Amino acid sequence: MSLLEATGLQKVYGEGCDACQERTGDRTGTNQCPVCGSVVACANVDLNLETGEVLGIVGESGSGKSSLAELLALEPETAGNQDGAVQLAECDENLLDADYQTRHELRNGEIGLVHQHIRDGLTLEFTGGGNVAEKLLSSGWRNYEDVRERVRELFRETEIPVSRMDDPAHTYSGGMQRRVQIARALANDPELIILDEPTTGLDVSVQARVLDVFRRIQREEDVAAIVVSHDLGVVRLLADRTLVMRHGRVIESGLTDRVMEDPHHEYTQTLINSVI
Ligand SMILES: Nc1ncnc2c1ncn2[C@@H]1O[C@H](COP(=O)(O)OP(=O)(O)OP(=O)(O)O)[C@@H](O)[C@H]1O
């Protein structure tokens, strides 16, 4: 079995009805059901990921990328109705149906999520080091010096000055805050990291630094990753394979080089042509 296998993933905001599947998606050109008004953020998504592999998920704003990422990251259900199965290797259980405690432990240990918005990923009033330490403490670390040492190690790994460890995170630059998020996600040596729009809100040179840091760590640690972005450049740089989403459906998938150089779907061709 792959490191992660997902089948039939679906997220619907609203009541949903029998027509939702048929009346939404690429063929109908909308993700909103004309009968009941529900938004089918993603549907019929199957994917798998091998150890150390990077999968890119690309698509325009509203295509369903974040909804899909939240399902894969086993985030608590905040809104909408979800369906489908997410399985990790050596575990037969559908983790979307697992109890809160199991999902919480997996989110702390096996799966690290880097949120699109800093405010969802960090507590800005806490110190940068405290934000990372929180992940360790919630997975059972207790010895103060061990925690401090692990945080120092993660700061060095993500190229954040260790001397800033005890400063509040709101005093960090945007690029540093993003790297603190990456350090947090890496804290407990996860098998998988999910990055949702890792370059949002950063200017171009800072984006490049964040992506370089992530790419180096991903390769050194051989950690698998799912990278969600509307930016083809980000996915092209990081991902071995790519899924293209539109109106809540995966419309094309394949090796990143193939998708970029020989896109089969008209929409992918348009996406690629628009950035050349
Ligand atoms: N809490 C919610 N309630 C209702 N509709 C929602 C909610 N969250 C997302 N949606 C809708 O679901 C669809 C998919 O949204 P999603 O955020 O997953 O897309 P996205 O591709 O990640 O977009 P972006 O890049 O802008 O974040 C959109 O039409 C969005 O308006």
| task | Could you check segment 137-223 for helices (runs of 4 or more DSSP H) lying wholly inside it with 3 or more residues that are in contact (Cβ under 8 Å) with a residue 60 or more places away in the chain and open to solvent by 20 Å² or more (accessible area, probe 1.4 Å)? | result | none
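Yes or no, residue by residue, for (1) crowded, with 17+ Cβ neighbours inside 10 Å; (2) among the aliphatic types (A, V, I, L, M); (3) within 16 Å of the ligand (Cβ to nearest atom):
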site: Leu4; (1), (2), (3): yes, yes, no
site: Thr7; (1), (2), (3): no, no, no
site: Val35; (1), (2), (3): no, yes, no
site: Asp46; (1), (2), (3): no, no, no
site: Gly52; (1), (2), (3): no, no, no
site: Ser63; (1), (2), (3): yes, no, yes
site: Ser66; (1), (2), (3): yes, no, yes
site: Leu72; (1), (2), (3): yes, yes, yes
site: Ala89; (1), (2), (3): no, yes, no
| note | Note on segment 9-33: residues of a type in the set (A, V, I, L, M, F, W, C), within 12 Å of the ligand (Cβ to nearest atom) and farther than 18 Å from Ala85 by Cα are Cys33
| Checking Arg178 against (1) under 16 Å from the mean Cα position of the chain (by Cα); (2) at pLDDT 95 or above, which test does it fail? | (2)
| request: May I ask you to list the residues in segment 118-135 that are at pLDDT below 90 and open to solvent by 60 Å² or more (accessible area, probe 1.4 Å)? | output: Arg119, Asp120
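Yes/no matrix, rows are residues, columns are (1) out of contact with any helix residue (DSSP H, G or I) (no Cβ under 9 Å at 6 or more places or on another chain); (2) more than 16 Å from the ligand (Cβ to nearest atom):
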site	(1), (2)
Gly233	no, no
Asp240	no, yes
Ile251	no, no
Leu255	yes, yes
Arg258	yes, yes
Pro263	no, yes
Glu266	yes, yes
Leu271	no, no
| request: Would you be able to say whether some residue in segment 91-113 is of a type in the set (A, V, I, L, M, F, W, C), within 14 Å of the ligand (Cβ to nearest atom) and in contact with a strand residue (DSSP E or B) (Cβ under 7 Å, 6 or more places away or on another chain)? | output: yes
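A quick yes/no check of all residues on (1) touching a residue at least 24 places away in the same chain (Cβ under 8 Å); (2) in a loop (DSSP other than H, G, I, E, B); (3) farther than 26 Å from Gly8 by Cβ; (4) over 16 Å from the mean Cα position of the chain (by Cα):
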| position | (1), (2), (3), (4) |
| --- | --- |
| Ile226 | yes, no, no, no |
| Gly233 | yes, no, yes, yes |
| Val244 | yes, no, no, no |
| Ile251 | yes, no, no, yes |
| Gly254 | no, no, no, yes |
| Arg258 | no, no, no, yes |
| His264 | no, yes, no, yes |
| Thr268 | yes, no, no, yes |
| Asn273 | no, no, yes, yes |
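The values are calculated or read from the model by the stated rules, or taken from the named source; none is laboratory data. Please read all numbers here as calculations on a predicted model, not as lab measurements. As a convention, Cβ positions derive from the backbone with ideal geometry for all residues, glycine included, and neighbour counts pool all protein chains shown. Just the protein is used for accessible areas: all its heavy atoms, side chains included, with ligands, DNA and RNA removed. Shrake-Rupley method; radii C 1.70, N 1.55, O 1.52, S 1.80 Å.
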